[in-house]
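A.B. asks: Sharing a structure below in structure tokens format, with a few things to ask.
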Amino acid sequence: DATNEEMWVEGGKYGSVDPCFPSKVVQAHIHNLLFRHHEERPLNYIFFPILMNVPNFLDNVMDGTSCPIVAGVPNVMKAAFTKEVDFYAARNIEYVDTGLSFSEPFLMAKRMFETWGPRLGITEDESDHAHRQGLMALAAFDSDLQEKGRAILETVEAENRIAILVIGRPYHSDPGINHGIPEEYQLRGFPIVSVRSLPRHPEFLARYFEKGSNPLDINDVWPENYSANSAQKVWAVKYAARHPNIALLDLSSFKCGHDSPTYGLIDSIVDAAQTPYAAQHDLDANRPAGSIKIRVKTYSHSLSMHQEALEDVAAKKEELSRNIDVKRLELLRLKKRQLQQRQLRDSVLQARIDDLANKVASYRVATGAEVAPAAHGLVNLKRKGPGGELVALSKRSASVAPAAPAE
Ligand code: SF4
């Protein structure tokens with residue numbers, strides 16, 4: 001379930017954990033499972049693994065550890081709901097908090113079998129198969145996210161618009177933790193991308209990162225990159241610093257000890273690159289609606305100005321390129337006349353003139369053509385085709401749809 005006010009108030013009183021807001025939210029979710037879900041559909045197990053290492057897509061990092069609070073919370077939750085009364089045992093629920101590490105897949109498969117083999121009565125082969133399927137599902141989810149992120153970025157690039165990259169932790173997608181701030185921007189016409197949805201295909205990265213550098217390496221800005229999500233956050237800032245259509249929204253939770261070492265670093269990068277940036281640090285249980293509204297309005301206004309500047313630059317570039325073509329056509333025609341005066345003909349020159357004349361004529365058609373406007377604030381997603389042409393996603397799927405059978 002997404003976090004909500006009622007859940008927080010009901011579950012928060014079992015408090016035995018206070019390092020940061022997200023770790024306290026977990027308590028409300030465990031309470032929700034015990035006191036609500038279990039009533040509707042009895043649970044046998046609550047599986048809350050201690051994750052020591054999480055998946056990390058970066059290269060040459062010191063490690064891919066999860067935040068120690070994240071790793072420790074399953075144990076704390078066991079204590080919170082057993083310290084006076086064992087709420088799990090009272091409901092016949094077993095609390096399972098196996099230690100797992102994504103950086104050691106064989107050990108993880110072994111631990112999963114040791115945990116679930118006896119409980120579910122499955123063989124090691126079956127457990128390993130389920131483990132592999134789980135990892136494949138995770139990879140498929142990741143690649144789907146990147147596909148969507150790429151469609152958003154290619155659309156804003158083509159339309160000279162701005163997308164907002166939310167740099168936060170995975171739990172910042174929960175509307176109860178992000179307080180609906182990304183949605184506020186979406187409503188104002190700025191599409192949202194997350195760190196994991198940034199496309200990481202080498203061909204896409206090569207458009208923005210320097211030749212010869214490894215786009216997935218952040219040692220140039222942060223060598224102490226042992227923590228997976230912090231390192232990915234810093235990488236996303238490097239990405240935004242190179243992409244003209246990305247603005248940043250930095251979300252961080254109250255008392256986050258893992259985000260604080262990145263604040264200064266992120267400031268220096270966005271300062272140097274002049275990347276549009278807004279921070280909402282110290283998010284906690286209270287939703288300061290008024291202050292969120294003011295900040296969203298202010299940042300949206302400055303992003304609109306930035307977007308206008310992008311549109312102006314693009315219009316000037318387009319005009320310049322058209323003027324160059326018109327001038328080139330003029331010069332080629334002059335050359336043709338000079339050849340004719342000397343009774344000469346050049347078929348290659350004629351072909352170039354014809355091509356360019358068609359191109360210039362198409363500019364006039366395009367200028368006068370009616371282009372269906374997008375509904376205000378909406379982004380009609382597009383993807384680049386093999387030849388670099390932009391195809392609307394709906395048309396793209398229609399073009400690959402099988403032909404209807406003949407009647
Ligand atoms: S990353 Fe920060 S906010 Fe999240 S659990 Fe760790 S310390 Fe808490």
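A.B. asks: About its Cα centre, how strong a charge dipole does the chain have in debye, to the nearest 20, once Lys and Arg get +1 and Asp and Glu get -1 at the Cβ?
C.D. replies: 2160 debye
A.B. asks: Sticking with this structure for a sec: Over region 206-320, what portion of Cα pair distances is larger than 23 Å, expressed as a whole percent?
C.D. replies: Summing the P(r) of region 206-320 above 23 Å gives 41 percent of all pairs.
A.B. asks: Of H201, S143, I181, which is farthest towards the positive pole of region 68-220's charge dipole, taken about the Cα centre with +1 and -1 on the beta-carbons of Lys, Arg and Asp, Glu respectively?
C.D. replies: Highest projection toward the positive end goes to I181.
A.B. asks: Among H306, I269, L248, whose Cα sits farthest toward the positive end of the charge dipole of region 147-306 (+1 at Cβ of Lys/Arg, -1 at Cβ of Asp/Glu, about the Cα centre)?
C.D. replies: H306
A.B. asks: Tell me the relative contact order for the chain as a rounded percent, counting alpha carbon contacts under 8 Å between residues six or more apart.
C.D. replies: Reported as a whole number, the value is 17 percent.
A.B. asks: According to the square roots a ≥ b ≥ c of the eigenvalues of the Cα gyration tensor, what is the shape class of region 88-148, taking rounded for a/c under 1.5, prolate for a/b larger than b/c otherwise, and oblate for the remainder?
C.D. replies: Verdict is prolate for region 88-148.
A.B. asks: Going by the alpha-carbon gyration tensor, a ≥ b ≥ c the square roots of its eigenvalues, is region 5-122 rounded (a/c under 1.5) or, if a/c is not under 1.5, prolate (a/b greater than b/c) versus oblate?
C.D. replies: Cα axes put region 5-122 in the oblate bin.
A.B. asks: Here's something else I'd like to know. Under unit Cβ charges (Lys, Arg +1; Asp, Glu -1), what dipole magnitude, rounded to 20 debye, does region 5-122 have relative to its Cα centre?
C.D. replies: 240 debye
A.B. asks: Here's a follow-up. Carbon-plus-sulfur fraction of the accessible area of region 95-215, 1.4 Å probe, in percent?
C.D. replies: 60 percent
A.B. asks: I would also like to ask the following. Let me check against my output: what whole-number percent is the relative contact order of region 44-101, with C-alpha pairs under 8 Å and at least 6 apart?
C.D. replies: Relative contact order of region 44-101: 57 percent.
A.B. asks: Now, a different point. As an exercise, identify the trypsin sites (Lys or Arg not before Pro) in region 173-224 lying in DSSP coil whose Cβ has no more than 13 other Cβ atoms within 10 Å.
C.D. replies: Of the trypsin sites (Lys or Arg not before Pro), the ones in loops of region 173-224 whose Cβ has at most 13 other Cβ atoms within 10 Å are R207, K211.
A.B. asks: Out of the GluC sites (Glu not before Pro) in region 33-131, which ones are loop residues according to DSSP with at most 12 other C-beta atoms within 10 Å?
C.D. replies: Answer in residue order: E84.
A.B. asks: Another question about this same structure. Using a Gaussian network model on the chain with a 10 Å cutoff between Cα atoms, which of V73, V391, V348 fluctuates the most?
C.D. replies: V348
A.B. asks: Then there's this: Counting Lys and Arg as +1 and Asp and Glu as -1, each charge on the Cβ, what is the dipole of region 148-293 about the Cα centre in debye, to the nearest 20?
C.D. replies: Its charge dipole is roughly 300 debye.
A.B. asks: Ok, one more. Report the gain in length on full extension from R352 to D271: 0.36 nm times residue separation, minus Cα-Cα distance, nm rounded to one decimal.
C.D. replies: Length gained, R352 through D271: 24.5 nm.
A.B. asks: Additional query: Report the residue, chosen from L187, L251, L310, that carries the largest GNM mean-square fluctuation when the chain is represented by alpha-carbon nodes joined by springs under 10 Å.
C.D. replies: The residue that fluctuates most here is L187.
A.B. asks: So, one more: Could you tell me the extents of region 82-221's C-alpha atoms along the three principal axes, largest first, rounded to whole Å?
C.D. replies: So the extents along the principal axes, rounded to whole Å, are 57, 38, 28.
A.B. asks: For region 211-228 and region 312-348, what is the centre-to-centre distance using only Cα atoms, to the nearest Å?
C.D. replies: So the two Cα centres are separated by 47 Å.
A.B. asks: Taking a ≥ b ≥ c as the square roots of the Cα gyration tensor eigenvalues, with a/c under 1.5 meaning rounded and otherwise prolate when a/b beats b/c, else oblate, which class fits the chain?
C.D. replies: prolate
A.B. asks: Let me ask something else. Sort largest first and round to whole Å: the equivalent ellipsoid semi-axes of region 72-123, each the square root of five times a Cα gyration tensor eigenvalue.
C.D. replies: Square roots of five times the eigenvalues give 25, 16, 4 Å.
A.B. asks: Turning to a different aspect of this structure: According to a simple spin-label model (label point 7 Å from Cα along Cα-to-Cβ), what is the distance in nm between E104 and M62?
C.D. replies: Those two pseudo-labels are separated by 2.0 nm.
A.B. asks: Provide the per residue accessible area, probe 1.4 Å, for the chain, rounded to a whole number of square angstrom.
C.D. replies: Computed with neighbouring chains in place, this is 56 Å² per residue.
A.B. asks: Going highest first, how would you order 267-279, 237-249 by mean Cβ packing within 10 Å?
C.D. replies: 237-249, 267-279
A.B. asks: I'd like to know which of F47, A236, P68 lies farthest towards the positive end of the charge dipole of the chain, counting +1 on Cβ of Lys and Arg and -1 on Cβ of Asp and Glu.
C.D. replies: Positive-most Cα among the choices belongs to A236.
The values are calculated or read from the model by the stated rules, or taken from the named source; none is laboratory data. Remember, predicted model here, so these are calculated numbers, not experimental data. We place every Cβ from the backbone using ideal geometry, glycine too, and count neighbours over all the protein chains shown. Each accessible area value is taken on the protein alone, full model and side chains, heavy atoms only, with ligands, DNA and RNA left out. Shrake-Rupley method; radii C 1.70, N 1.55, O 1.52, S 1.80 Å.
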